[in-house]
Structure formats: structure tokens, C-alpha cells
Amino acid sequence: DLCRQMLAYAGKGRFVLQRADLNVLIEETTHLLQVSVSKKAVLRFHLDRRLPAIVADVTQMRQVIMNLVINASDAIGDRSGVISIGTGVVRADRNYLDKTFLAPEIPVGDYVFLEVSDTGGGMTAETQSRIFEPFFSTKFTGRGLGLAAVLGIVRGHSGALKVYSELGKGSSFKFLLPAAYDESEDPAARGQHTGQRPVVARGTILVVDDEETVRAVASHMLESLGFSVLHAADGREAIETYGQHAGEVIGVLMDLTMPHLDGEEAFRELRRHNPDVRVLLMSGYNEQDAIARFVGKGLAGFIQKPFNIEELREGLRLLLG
């Protein structure tokens, strides 16, 4: 989670999307919210229990909740005040969306919303025009990334943000996310409907990464799925190992950034040895940045670090065709 948050701030992250209940995310974060706000601020919750699901990265959603609540606490400052956290559903037409940030990029429809309001001092029109600038802050030096990060997360989730503030009366931030209505489908059966074939756990995978821990964890995952594993610590060693075991290696799981020969150079050399070699690239960078140099060159697929065994299983489906 920490890796993904840092990548999101750097603009290199990939959202890991899943169906989620916004109310549950808020309730799971409640204790952290209570210890993060001013002691003079009172938290009040107004959660609509009839919410449809959302499709979101739950780590980033928790970040949005925290950032908006801490921002509200800062607005209240040393005075007594109330922070209200509400959820609900709104049918957003074009007129409604035109009054939000990022509205031109999203369609009309039903949206689940998170609304955080405070009874702080409010903002002037000039301040409102700058609140999403990176490092802009009305507080002390070192603050200011919170709302800029929120806007990035909103954009990444095809959502919108509505802001209302009145000087001397407080502010309200409403985060809109597309509603994901339940299709009454058994998650266990989804693979059957999408035509996904199970991974055939037979053969040898070559794992190439310059970090021993990554090699060990990836190897353990692959072995638990039934594969045999060979290792290489860099691109040069990968070429040598593949040459010695080309007849048994059915696929290569390879890092992008390595000493001696990086992923791109090693991939090129492997293709010279065997034009049909199957390579699954792994990297901490997002997919678009990582595979930009591989477009049209026969790369089997991509998996982003850090990954779990289910994500690896999906990557292997790409690797093994």
C-alpha cells in the first residue's frame, strides 16, 4: 500500500481497482480519523446505507478520505467546530457536472459521493482557485500536497470533485465516483463467463531480477502454482541461463531495471536467440511507461510490482497465451 501511495504521488502509480463499499472504507478508517483531527473538532457521520458499490483502489480511497478530513480539521484550527462525513447517490446531469472539477471528462449518470464538510473559516475565491496547485497551502511550509493528491486520485477513477465554500461559514468537498451496480454474478464464475482459461502449471519459468528478495518471493509463488523455476540476477545472466535451458523454459518473468543489461536490452537478446520467446515484464512503473519501448516487439504482457499471487496468476495467462 505504501509503495502504491508513493507511486501515485510521483504520477507513476497504477490503480488496483476492485468493487468496494464506500461506507465500509470510511468505517475502517474511523479510528485513524478520530486521532488525526483537532481535539476541538467533532466528527459526525451521515452514511447512506443503500449505497451501490464503487470500483476503486481502496488504498487511494482511504487516502482521499484522510486528506479531506485532515484538510477540514486544518480549516477549523484551534476553534471548536464540526466535520461532517456523508455518503449518498446522486443522478448527475450535464448541468450538475459542469459545476465540478474534471466534469468535461465524465458522462452523465449515477454517482456515489463522499462529502466532507467543515465549519471552519471558509475560503476566498482567490484561495479556491489555487487549492489544487501542488504545494499551495494557507498553512505552514511543508503542507499542501493533500488536495493536489486528491485531484489526481479523482482523475484516475474517472470521477469529479465539487467544491463549495463561503468565507466565515466553512467549506464542503464532494467526491463523485461512478456507481457500480451489482450484476448479481457469482465472482467465482466470472472467469467462466469471460472465457479465461486456467493456468496450465507445467514447465519452467525463468525469473530475472537483480533483487534477491524479489526472485525468492516470485519463485515461491511460481512453485506454489506448480512450475519449476530458474533464476538470473541480471540481463546478462538471463541470456546465459536461457541459452543453457532454452528447451525447457516456457516463459520468462523479467524486471525492467537491472544492471549490465536492462530489461529492454535483455529482451532484445532473448529474441535474437529465440524469436518466439515469451516474456512477461515486471516493474514498479505503471504499464504505460514501462512498456512504451516494447510496443510491437512481441512482449507477452506486463505485471506491476508489488504483486500478489492472484495478480501473478493473471500475468501467467498472458505469458502462456
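The values are calculated or read from the model by the stated rules, or taken from the named source; none is laboratory data. These figures come from a predicted structure and were not determined experimentally. So basically every Cβ, Gly included, is an ideal-geometry build from the backbone, and we count neighbours across all protein chains shown. The protein model used for the area step is the full one, side chains on, heavy atoms only, and it has no ligands, DNA or RNA in it. Shrake-Rupley method; radii C 1.70, N 1.55, O 1.52, S 1.80 Å.
Distance between the modelled labels on K40 and T204, one decimal in nanometres: 7.0 nm (7 Å Cα→Cβ projection). Of the listed residues D74, D210, the order by accessible area with a 1.4 Å probe, largest first, is D210, D74.
Neighbours of F175, meaning other residues whose beta-carbon lies under 11 angstrom from its beta-carbon, give a summed charge of +1 when Lys and Arg score +1 and Asp and Glu score -1. Taken one residue at a time, the phi angles of region 307-321 give Karplus couplings (6.51, -1.76, 1.60, θ = phi - 60°) of 10, 9, 5, 5, 5, 5, 4, 5, x, 5, 4, 5, 4, 8, x Hz. Gly and Pro are set to x.
In this structure, the amide hydrogen of I83, modeled 1.01 Å from its nitrogen in the peptide plane, lies closer than 5 angstrom to those of V42, L43, R44, counting only residues at least 5 positions away or on a different chain.
Here the label points at E265 and Q288, each 7 Å from Cα along the C-beta direction, are separated by 2.9 nm in the simple model. Taking label positions 7 Å along the Cα-Cβ direction at both S224 and L318, the computed distance is 2.1 nm, reported to one decimal. Measuring r between the beta carbons of E166 and R19 and using R0 = 35 Å, the FRET efficiency lands at 0.45. Here the accessible area is traced with a 1.4 Å probe on the protein chains. For region 211-274, carbon and sulfur cover 45 percent of it.
Remark: accessible surface ordering of H46, H157 (largest first) is H46, H157, probe radius 1.4 Å. For D48, the accessible area of its heavy atoms, probed at 1.4 Å with every protein chain present, is near 40 square angstrom. These residues, R50, R44, go from largest to smallest accessible area, 1.4 Å probe, as R50, R44. The residues of region 38-116 expose, per residue, 48 Å² of accessible area to a 1.4 Å probe.
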